1. Quickly estimate the mean residue ellipticity at 222 nm for the chain, helices only: each DSSP H run with n ≥ 4 gives -39500 (n - 2.57), and the total goes over all residues, rounded to 500.
2. Using the Karplus curve 6.51 cos²θ - 1.76 cosθ + 1.60 with θ = phi - 60°, what ³J(HN,Hα) values do you get for each residue of the range 76-85, in whole Hz, with x for Gly and Pro?
3. With no solvent and one point per C-alpha, what does the Debye sum give as log10 I(q)/I(0) for the chain at q = 0.13 Å⁻¹?
4. Can you order the peptides 83-91, 60-68 by their average number of other Cβ atoms within 10 Å per residue, highest first?
5. If I build a Gaussian network model for the chain, linking alpha-carbon pairs within less than 10 angstrom, which residue out of 21, 49, 40 has the largest mean-square fluctuation?
6. Hey, can you find the accessible area per residue of the range 27-91 for me, probe 1.4 Å, expressed in square angstrom?
7. How large is ³J(HN,Hα) for each residue in the range 62-72, as worked out from phi by the Karplus curve 6.51 cos²θ - 1.76 cosθ + 1.60 (θ = phi - 60°), to whole Hz, x for Gly and Pro?
8. What percentage of the solvent-accessible surface of the range 27-91, computed with a 1.4 Å probe over protein heavy atoms, is contributed by carbon and sulfur atoms?
Amino acid sequence: MTATERLPKPTSESWHWQLRAACRDLRTARFFHPDNERGARRAQRERQAKAVCRRCPVIAQCREHALRSHEPYGVWGGLGEQERRSLLRKAS
């Protein structure tokens with residue numbers, strides 16, 4: 001008998017949480033900054049994205065995914081790029 005516990009899970013099992021995400025039907029531009037966006041504009045966009053995350057039923061799964069896969073861009077699980085980098089540095 002073949003041992004299958006080490007094989008990756010089917011895609012639907014790995015990503016099923018995304019079906020319940022509060023951001024599912026929103027434009028990705030709210031969560032990912034355009035080139036050269038800085039200062040107050042960037043901070044405002046990030047605050048708006050995090051407001052969506054705060055009411056999301058799968059915020060924990062999203063954050064876990066972002067940290068585990070080292071997502072470099074955007075707001076994931078209520079965390080911005082700098083916040084994730086800081087957490088990952090502290091964890092290593």
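1. Dividing the helical sum by the residues of the chain leaves -13500 deg cm²/dmol.
2. Taking θ as phi minus 60°, the curve returns 9, x, x, 10, x, 4, 5, 5, 5, 4 Hz for the range 76-85.
3. Here the Debye-derived log intensity ratios amount to -0.50.
4. 60-68, 83-91
5. 40
6. Here the residues of the range 27-91 average 69 Å² of exposed surface.
7. Values per residue, Gly and Pro as x: 5, 4, 4, 4, 4, 6, 5, 9, 6, 4, x Hz.
8. On the way: 2290 of 4460 Å².
Taking all protein chains in place, the range 27-91 shows 51 percent carbon and sulfur surface.
The values are calculated or read from the model by the stated rules, or taken from the named source; none is laboratory data. These figures come from a predicted structure and were not determined experimentally. Note: ideal-geometry Cβ built from the backbone for every residue, glycine included; neighbour counts use all protein chains shown. Heads up: the accessible areas ignore ligands, DNA and RNA and are worked out on the full protein's heavy atoms, side chains in. Shrake-Rupley method; radii C 1.70, N 1.55, O 1.52, S 1.80 Å.
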